[in-house]
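Inspection log for the structure reproduced underneath, given as structure tokens.
The values are calculated or read from the model by the stated rules, or taken from the named source; none is laboratory data. Predicted model only: the values in this text are computed from it and were never measured. Cβ: placed from backbone, ideal geometry, glycine included. Neighbour counts: every protein chain shown.
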Amino acid sequence: MDHRFQINLRGVIDLLSHHLYSSPDVYIRELLQNATDAIRARQHLEPGHEGSIRIELIEKQDGGPPTLLFSDDGIGLTEEEIHRFLATIGESSKREVLAERRGDFIGQFGIGLLSCFMVCDEVLVVTRSAQGGSPTMEWRGRHDGIYTVRPSGHPLERPGTQVFLVARPDAASLFTPQRVRELALHYGGLLPFPIHLTAGGYSGRINTEGAPWRRTYGSASERRAALLAYGRDVFGMTFIDCIPLKSEAGDVEGVAFVLPFSPHYNAKQKHRVYLKNMLLSESAENLLPEWAFFVKCVVNANDLRPTASRESFYENDTLTRARTALGQALRRYLVELAKDDPRALQGLIQLHALSMKALALDDDDFYRLIIGWLPFETSLGAMTLADYRQTSSQVRYVSSLDEFRQVSRVAAAQGLCVLNAAYVYDTDLLEKLPRVFQDAQVERFSASDLPQSFDELTLDEREAVFPLRKRAEEVLQPFGCGVVVKKFRPKEVPTLYSSDTGNAFRRDAERAREESDDLYASMLEGVVSGASGNEQPLLTFNFHNPVVRRLAAVTDPHLIKLSVEMLYVQALLLGHRPLNAREMLLLNQGLLGLIASRLEGGEEPPDRGGMH
């Protein structure tokens with residue numbers, strides 16, 4: 001035997017209030033939605049019908065709970081429709097026409113009226129159908145699931161519907177004149193039908209302005225100022241700029257506002273969305289692409305499908321195409337900004353740089369759009385990647401700040417432009433470049449690449465520096481460092497220490513081993529022995545430097561040794577490379593040796609043995 005489900009209405013209402021709807025004040029929205037749909041349904045019968053909605057708050061003289069009267073001059077209901085639609089959960093009066101005219105109505109699920117039971121225990125509906133000579137009927141429903149239907153003792157003069165709600169004590173705060181006005185304007189401010197409110201001594205239409213993006217303005221600047229003022233009123237903040245939004249898919253139109261601060265790109269922005277001019281949600285997250293983290297928007301959609309709670313949109317192909325179109329509108333804004341006001345685009349990117357970089361790594365389309373405009377620090381000054389690529393076919397970069405400090409001055413003097421990719425995401429962004437743009441060439445640069453751009457010495461110059469080079473090789477051989485003499489700029493730099501990544505790692509491992517206890521040092525022994533670079537570290541002497549040229553003429557072996565050791569340590573320090581124990585000893589001995597050499601002409605020099 002088959003059995004029919006039994007519905008516990010109190011349980012359903014609890015489900016609505018705690019899990020489906022965000023708050024009980026949506027009862028105003030549901031009443032506005034039903035009235036709007038009823039007017040549109042009547043317009044199908046009577047195309048010239050304009051329609052209006054009236055809200056009246058009736059406050060009792062004895063201080064009892066106020067009554068809210070909600071009226072519309074829509075299509076109304078017959079007695080059969082009352083039993084079918086008002087007393088059957090999930091049955092919508094729009095369902096029969098949804099297949100052919102889905103875009104005409106907001107409600108689809110047949111549960112809207114139940115939201116009224118979140119604020120009152122009884123709902124009275126007085127209605128007269130516009131179809132035929134139907135009498136005025138009265139439906140009275142209780143929150144326990146009991147309802148009655150009978151002809152009304154107070155017939156309506158014209159077709160339409162009246163809904164009476166008596167506030168429950170715990171919901172009285174939602175029935176004050178100010179709160180009713182706020183909620184009606186909040187949810188129905190963009191509705192095309194006039195909403196007349198009578199409450200607390202006020203009587204008049206409350207939705208007079210409509211959507212600001214549909215108004216006519218005297219100039220583009222006036223339009224921009226009005227939209228920014230609207231954004232400030234809606235979201236309570238001053239935005240940088242506004243962007244028109246439009247999509248044929250879903251029939252979406254509105255405006256996006258550029259945030260004045262940089263949110264985390266993973267933080268989803270919550271947008272205000274309207275469905276057929278009725279506020280759907282102030283926290284919709286799925287309307288814009290994920291990369292549109294730098295804007296908040298207000299839009300109206302006429303042909304997107306709402307979820308059951310009507311607080312978001314249902315994910316389908318139409319929403320996907322609308323999201324793509326709105327993303328294209330944001331891209332056009334960025335492209336036009338790049339063409340018409342590059343300084344404004346630079347300011348926008350600077351404000352949202354970290355988030356834009358992070359998103360560019362995840363989104364190839366956004367990467368293509370933004371990568372050329374991202375600013376980078378280079379050896380020749382700050383510039384965008386697009387500017388860099390116009391001057392050089394190959395992108396050279398270093399991935400650590402210390403390495404950039406070491407090479408930037410010398411590279412700049414040679415006319416080499418090297419990018420500093422030491423900041424968050426920069427290295428990954430540059431290494432992604434050839435994967436997205438096939439003509440791009442990217443290489444990691446290091447101090448070991450600099451000597452290749454230096455000028456070679458003449459034959460006479462080589463002969464002049466040969467003794468210095470020979471002696472320097474002997475002095476630095478214990479440190480595993482080679483020696484070369486070249487000419488480079490700036491001439492104020494006497495030497496340049498360079499090594500590849502493998503040798504740099506080996507130095508760090510050796511220093512860590514020296515500073516560790518026996519156990520940890522033994523663990524690092526294998527790391528040190530296994531770490532090696534492709535090339536020997538190199539100390540390049542600059543023949544343009546006056547000190548180097550004078551040193552080449554020195555014949556005292558001890559003075560040459562001391563000078564080479566000090567120039568070696570200085571090059572390490574200028575390259576921001578920490579000194580190991582032997583190099584620190586070298587520095588101490590060198591400083592004392594230089595002091596001693598200056599004192600030898602006057603006072604008796606101290607015992608050299610005591611200097612060690």
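Looking only at residues in segment 128-169 that are surrounded by 13 or more Cβ atoms within 10 Å (Cβ to Cβ) and among the hydroxyl-bearing types (Ser, Thr, Tyr), the one that is nearest to Ile53 (Cα to Cα) is Thr161. I'd like to know if segment 588-611 contains one or more residues that are modelled with pLDDT of 50 or more and under 18 Å from Leu496 (Cα atoms). The answer is no, given that none of the residues of segment 588-611 is modelled with pLDDT of 50 or more and under 18 Å from Leu496 (Cα atoms). Looking at Ile55, Ile39, Ile106, just one residue is surrounded by 16 or more Cβ atoms within 10 Å (Cβ to Cβ), modelled with pLDDT of 90 or more and not in a helix (DSSP H, G or I), and that residue is Ile55. Based on what the data block shows, is Gly210 among the small types (Gly, Ala, Ser), in a strand (DSSP E or B) and surrounded by fewer than 19 Cβ atoms within 10 Å (Cβ to Cβ)? So Gly210 does not fit the description; no. On the stretch given as segment 432-463, residues that are assigned to a helix (DSSP H, G or I) and at pLDDT below 90 total 7.
One line per residue, one yes/no per condition, for (1) at pLDDT 90 or above; (2) out of contact with any His (no Cβ under 7 Å at 6 or more places or on another chain):
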position: Glu253; (1), (2): yes, yes
position: Lys270; (1), (2): no, yes
position: Tyr274; (1), (2): yes, yes
position: Leu279; (1), (2): yes, no
position: Trp291; (1), (2): no, yes
position: Lys296; (1), (2): yes, no
position: Asn300; (1), (2): yes, yes
position: Leu304; (1), (2): yes, yes
position: Ala308; (1), (2): no, yes
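Of a type in the set (S, T, N, Q) and over 23 Å from the mean Cα position of the chain (by Cα): is that true of Gln350 in this structure? When the stated conditions are applied, Gln350 does not pass them. Scanning segment 348-360 for residues that are surrounded by 14 or more Cβ atoms within 10 Å (Cβ to Cβ) and either among the polar types (S, T, N, Q) or in a helix (DSSP H, G or I) (or both) gives Leu348, Ile349, Leu351, Ala353, Leu354, Ser355, Met356, Lys357, Ala358, Leu359, Ala360.
Take the conditions (1) over 49 Å from the mean Cα position of the chain (by Cα); (2) of a type outside the set (Val, Ile, Thr); (3) assigned to a loop (DSSP other than H, G, I, E, B); Leu476 misses just one of them, which is (3).
Could we say that Leu330 is more than 30 Å from Tyr397 (Cβ to Cβ) and either in contact (Cβ under 8 Å) with a residue 60 or more places away in the chain or in contact with a Gly (Cβ under 9 Å, 6 or more places away or on another chain) (or both) here?
On the way: more than 30 Å from Tyr397 (Cβ to Cβ): no; either in contact (Cβ under 8 Å) with a residue 60 or more places away in the chain or in contact with a Gly (Cβ under 9 Å, 6 or more places away or on another chain) (or both): yes.
So Leu330 fails the test.
Taking segment 373-402 as the range and being of a type in the set (Phe, Trp, Tyr) and under 12 Å from Phe445 (Cβ atoms) as the test, only Tyr397 passes. Would you pick out the residues in segment 142-165 that are part of a strand (DSSP E or B) and more than 48 Å from the chain's Cα centre (by Cα)? Correct list: Tyr147, Thr148, Val149, Arg150, Pro151. Considering only residues that are farther than 17 Å from Gly76 by Cβ and in contact with a helix residue (DSSP H, G or I) (Cβ under 9 Å, 6 or more places away or on another chain), look in segment 111-140 and name the one that is modelled with the lowest pLDDT. The selected residue is Ile111.
Just wondering, is there one or more residues in segment 166-184 that are among the polar types (S, T, N, Q), assigned to a strand (DSSP E or B) and without any contact (Cβ under 8 Å) to a residue 12 or more places away in the chain? No - not one qualifying residue is present in segment 166-184. Every condition in (1) modelled with pLDDT under 90; (2) within 25 Å of Gln43 (Cα to Cα) holds for Gly204 except the one numbered (1). State yes or no: is Leu190 outside any loop (DSSP other than H, G, I, E, B), surrounded by 15 or more Cβ atoms within 10 Å (Cβ to Cβ), on the phi < 0 side of the Ramachandran plot and not small (Gly, Ala, Ser)? Answer is no for this residue.
For beta carbons closer than 7 Å, sequence separation of 6+ or different chains, a first residue in segment 431-448 that is more than 29 Å from Arg577 (Cβ to Cβ) and free of Cβ contacts under 8 Å to residues at least 60 places away in the same chain and a second that is of a type in the set (Gly, Ala, Ser) and surrounded by 15 or more Cβ atoms within 10 Å (Cβ to Cβ), the qualifying pairs are Pro434/Ala440.
Here's the yes/no breakdown for (1) in a loop (DSSP other than H, G, I, E, B); (2) closer than 18 Å to Ser355 by Cα:
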site: Arg232; (1), (2): no, no
site: Pro244; (1), (2): no, no
site: Phe257; (1), (2): no, yes
site: Phe261; (1), (2): yes, yes
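Being of a type in the set (S, T, N, Q) and either outside the structural domain of Leu430 (by TED's automatic domain parsing) or not in a helix (DSSP H, G or I) (or both) is the filter here, so list the residues in segment 387-418 that pass it. Before the answer, list the steps.
Step one: filter segment 387-418 for residues of a type in the set (S, T, N, Q), giving 390-394, 399-400, 406, 408, 414.
Once the filter is applied, which keeps residues that are of a type in the set (S, T, N, Q) and either outside the structural domain of Leu430 (by TED's automatic domain parsing) or not in a helix (DSSP H, G or I) (or both), segment 387-418 yields Ser392, Ser393, Gln394, Ser399, Ser400, Gln414.
Just for segment 232-272: of the residues that are crowded, with 21+ Cβ neighbours inside 10 Å and over 19 Å from the mean Cα position of the chain (by Cα), which one is farthest from Leu351 (Cα to Cα)? Of everything passing the filter in segment 232-272, Gly250 is farthest from Leu351 (Cα to Cα).
Considering only segment 263-286, I want to know if a residue exists there that is within 17 Å of Thr324 (Cβ to Cβ) and assigned to a loop (DSSP other than H, G, I, E, B). Scanning segment 263-286 turns up at least one residue that is within 17 Å of Thr324 (Cβ to Cβ) and assigned to a loop (DSSP other than H, G, I, E, B).
Which residue is farthest from Asp73 (Cα to Cα), if the candidates are limited to segment 166-214 and must be among the charged types (D, E, K, R) and more than 38 Å from the chain's Cα centre (by Cα)?
So in segment 166-214, the residues among the charged types (D, E, K, R) come out as 168, 170, 179, 181-182, 205, 209, 214.
Filter again for more than 38 Å from the chain's Cα centre (by Cα), leaving 168, 170, 205.
Values: Arg168: 27, Asp170: 31, Arg205: 16 Å.
The residue in question is Asp170.
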